[in-house]
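The values are calculated or read from the model by the stated rules, or taken from the named source; none is laboratory data. Computed from a prediction, not measured in an experiment: that's the story for all the values here. Cβ placement follows ideal geometry from the backbone for every residue including glycine, while neighbour counts extend to all protein chains displayed. The area values use the complete protein model at the heavy-atom level, side chains included, leaving out ligands, DNA and RNA. Shrake-Rupley method; radii C 1.70, N 1.55, O 1.52, S 1.80 Å.
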Amino acid sequence: MTDAGLRAKYMRRFQIQDADGDGILVREDVIGRAEMLLGGLAESPQSPRGRDVISGAQTYWEGLVKLAGNPGDGQLTEAAFVDALLQAKELGTLGELVRPSVEAHVALIDSDGDGTVSRQEFMRSQELFGMSPAQALKAFEAIDSDGDDRLTVEEWQEAVVEAYSTGEDVPGDLVMGLRH
């Protein structure tokens, strides 16, 4: 693992999350991505699943701000964002940081309520974030570790944490928008 590779991933993730491209990540940027997913799937932010998605994004945001030591103004520069993620990695808390969001995301896009995400459900949700069908299919196949054509919370969580944990190319990079 290269520190430079990991920093580059974190910087790319910052750019993805900085919705208005102003170089400052704020709560509204993070919550706005969650709201975009809800809107794309015609789910009310006030529904139980909608509230969970917003809460997961809020937990992620609060964790980042706390790690950055910036609870006052709640704004993160790219450097502060990168440092916060490096701290989470060092502390072994990356999973805690992202799990509520991953769980809520899976529950939201699991349209048939079976506790897993089908290929079709996954592709639909990822296309809302601008992934092409080919990219979404590649990402799905990469993180479906048991090859059963369904994603569990654990598979998705493992892929996301792995993407946040190494500077190397890993399957989770695809779902995180870190490579195509």
Which pairs do you get when a residue that is under 13 Å from Val65 (Cβ atoms) and open to solvent by 10 Å² or more (accessible area, probe 1.4 Å), found in region 25-45, comes within reach of a residue that is in a strand (DSSP E or B) and hydrophobic (A, V, I, L, M, F, W, C), reach meaning Cβ atoms under 8 angstrom, with the pair 6+ apart or on two chains?
Val26/Leu76
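Residue-by-condition table, conditions (1) assigned to a helix (DSSP H, G or I); (2) closer than 21 Å to Ile143 by Cα:
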{"residue": "Gly5", "(1), (2)": "yes, yes"}
{"residue": "Gly21", "(1), (2)": "no, no"}
{"residue": "Met36", "(1), (2)": "yes, no"}
{"residue": "Asp52", "(1), (2)": "yes, no"}
{"residue": "Ala80", "(1), (2)": "yes, no"}
{"residue": "Gln87", "(1), (2)": "yes, no"}
{"residue": "His105", "(1), (2)": "yes, yes"}
Hey, does region 6-18 have a residue that's touching a helix residue (DSSP H, G or I) at 6+ places or on another chain (Cβ under 9 Å), among the acidic types (Asp, Glu), over 25 Å from Val153 (Cβ atoms) and open to solvent by less than 50 Å² (accessible area, probe 1.4 Å)?
yes
Gln120 - would you say it is in contact with a His (Cβ under 6 Å, 6 or more places away or on another chain) and either open to solvent by less than 60 Å² (accessible area, probe 1.4 Å) or in a helix (DSSP H, G or I) (or both)?
no
Between a residue in region 109-123 that is among the basic types (Lys, Arg) and any residue that is open to solvent by less than 70 Å² (accessible area, probe 1.4 Å), which pairs come within a Cβ distance under 7 Å, given they are 6 or more apart or on different chains?
Arg119/Phe140; Arg119/Asp149
The condition from (1) modelled with pLDDT under 90; (2) assigned to a helix (DSSP H, G or I); (3) charged (D, E, K, R); (4) surrounded by fewer than 21 Cβ atoms within 10 Å (Cβ to Cβ) that Arg179 misses is numbered (2)
Top-ranked residue in region 71-103 [being free of Cβ contacts under 8 Å to residues at least 40 places away in the same chain and of a type in the set (S, T, N, Q); ranked as farthest from Gly5 (Cα to Cα)]:
Thr93
Quickly run through region 38-50 and pick out the residues that are out of contact with any Gly (no Cβ under 7 Å at 6 or more places or on another chain) and outside any loop (DSSP other than H, G, I, E, B).
Gly39, Gly40, Pro48, Arg49, Gly50
